[in-house]
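S.K.: Structure below; questions to follow.
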Amino acid sequence: MTRALLVTGGQGQLGLELARQDWPADMSVHYPTRDELDIASSDSISAYLRGRRFDAIVNCAAYTAVDRAEEERELAFRINGEAPGLLAATGIPLVQVSTDYVFDGSGGGYYREDDPVAPLGVYGASKLAGERAVLASGTRAVVLRTAWVLSAHRSNFLRTMLRVAATNPKLRVVDDQRGCPTGAADIAATLRTIALRLVEDPAAPTGVYHFVNAGEASWCELAREIFALSAAAGGPSAEVEAITTADYPTPAKRPANSRLSTAKIITDYAVRPRDWRAAVRDIVGELVGPVPQTGA
């Protein structure tokens, strides 16, 4: 019997990487377009799900414009806060993608799943509302928080750095925010692992989990690694000047510490995050060209 999986946000970074995953032959994966399923519309969600059977849902759809969310609060909460609750209310096992922005970044060390949440802005607050709606539904669900997502697709920090470096020899990048750069491909592989487990194992662990690539960096350190790899592959590069958050004000406040602990998902789902530099190397290789190996 064919099993069916629904992936929302199929044209985003995670959705595109999920489409690259190797799914079982008996798993039919559906990636509806926004015209087919508009996550911002409760009527669209109901209409799409009516008459269709899914064994699990992976909700990658999200309002991710962090700064614009400060002006578009209602839309951010409709997509990030209300829609996940509507999906969970169907009773279909659900994997909900969330964010490090549920934390205020004032804590030291790596945040665990049960650490206190205190979002600094609308985006984080809306994602937290989505988490709570999913967990309160009673549906078998996993909330997967991640951070600093990078890929060869759509808009993200890595692609922005390469684009800007093509015309600017020197860039100023924030050095006092720390996090765990994470490849969308690695997140997609983890989402696949969780979704299949929810489908196949009624006793699969549920609740909140963190997944990021191993290690940590500041945005400045990440930019320098991107440019070192790009230069080695013959692509654009730039000199990076370290600045503070105060030197680069934005409408929405960012957490100074976005580091997430992955101990729980390693234990419960046997997921082993690789180093973030390996993920960045793969993405630069896809965008620029093969990056020569260094060292012995």
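S.K.: Based on the alpha-carbon gyration tensor of region 15-152, what equivalent-ellipsoid semi-axes (square roots of 5 times the eigenvalues) come out, in whole Å, largest first?
M.R.: Square roots of five times the eigenvalues give 25, 18, 15 Å.
S.K.: Now a separate question. What net charge is computed for the residues neighbouring residue 186, neighbours being all others with C-beta under 13 Å from the C-beta of residue 186, Lys and Arg scored +1, Asp and Glu -1?
M.R.: Its environment carries a net charge of +3.
S.K.: Here's another thing I want to ask about it. Between region 13-40 and region 194-211, how many Å separate their Cα centres?
M.R.: After rounding, the separation between the Cα centres reads 18 Å.
S.K.: Another question about this same structure. HN-Hα J couplings of region 189-195 from phi, Karplus 6.51/-1.76/1.60, θ = phi - 60°, integer Hz, Gly and Pro as x?
M.R.: The phi angles translate into 4, 5, 4, 4, 4, 5, 4 Hz.
S.K.: Using the beta-carbon distance between residue 23 and residue 113 and R0 = 25 Å, what value does 1/(1 + (r/R0)^6) give for FRET efficiency, to the nearest 0.05?
M.R.: My answer for the efficiency is 0.40.
S.K.: Further question: For every other residue with a beta carbon closer than 13 angstrom to the beta carbon of residue 20, add +1 if it is Lys or Arg and -1 if Asp or Glu, then tell me the sum.
M.R.: -4
S.K.: Which one of 228, 263, 279 is farthest out on the positive end of the charge dipole of region 223-296, using unit charges on Cβ (Lys, Arg +1; Asp, Glu -1) and the Cα centre as origin?
M.R.: Toward the positive end, the furthest listed residue is 263.
S.K.: Below 8 Å, C-alpha to C-alpha, sequence gap of six or more: please give me the relative contact order for the chain in percent.
M.R.: Relative contact order for the chain comes out at 21 percent.
S.K.: What are the principal axis extents of the Cα atoms in the chain, in Å, biggest first?
M.R.: 55, 40, 38
S.K.: Continuing with the same structure: With point charges of +1 on the Cβ of Lys and Arg and -1 on the Cβ of Asp and Glu, referenced to the Cα centre of the chain, which listed residue (160, 205, 1) lies farthest in the positive direction of the dipole?
M.R.: My answer, from the dipole projection, is 1.
S.K.: For region 81-143, take the alpha-carbon Rg, divide it by the Kirkwood Rh, and send me Rg/Rh.
M.R.: Taking Rg over the Kirkwood Rh, I get 1.01.
S.K.: What residues of region 233-254 lie in the reach of a label at residue 67, counting those whose backbone N is under 19 Å from a point 7 Å from the Cα along Cα→Cβ?
M.R.: Those under the cut-off are 241-254.
S.K.: Going by the alpha-carbon gyration tensor, a ≥ b ≥ c the square roots of its eigenvalues, is region 1-73 rounded (a/c under 1.5) or, if a/c is not under 1.5, prolate (a/b greater than b/c) versus oblate?
M.R.: Oblate.
S.K.: While we're on this one: Could you order peptides 202-215, 175-188, 107-120 by the average number of other Cβ atoms within 10 Å of their residues, highest first?
M.R.: Packing order, densest peptide first, comes out as 175-188, 202-215, 107-120.
S.K.: Could you give the dipole magnitude of the chain about its Cα centre, charging the beta-carbon of Lys and Arg +1 and that of Asp and Glu -1, in debye to the nearest 20?
M.R.: The calculation lands at about 300 debye.
S.K.: Which order do peptides 83-95, 128-140 fall in by mean Cβ count within 10 Å, highest first?
M.R.: Listed from highest to lowest mean packing, they are 83-95, 128-140.
S.K.: Calculate for the chain the 222 nm mean residue ellipticity that helices alone would give, adding -39,500 (n - 2.57) per DSSP H run of length 4 or more and normalising by residue count, nearest 500 deg cm²/dmol.
M.R.: Here the helix-only value at 222 nm equals -10000 deg cm²/dmol.
Just so you know, all these numbers are worked out from the coordinates, no wet-lab data involved. All figures in this text were calculated on a predicted structure; none of them were measured in a lab. With ideal geometry, Cβ positions are generated from the backbone for all residues, glycine too; neighbour counts draw on all protein chains shown.
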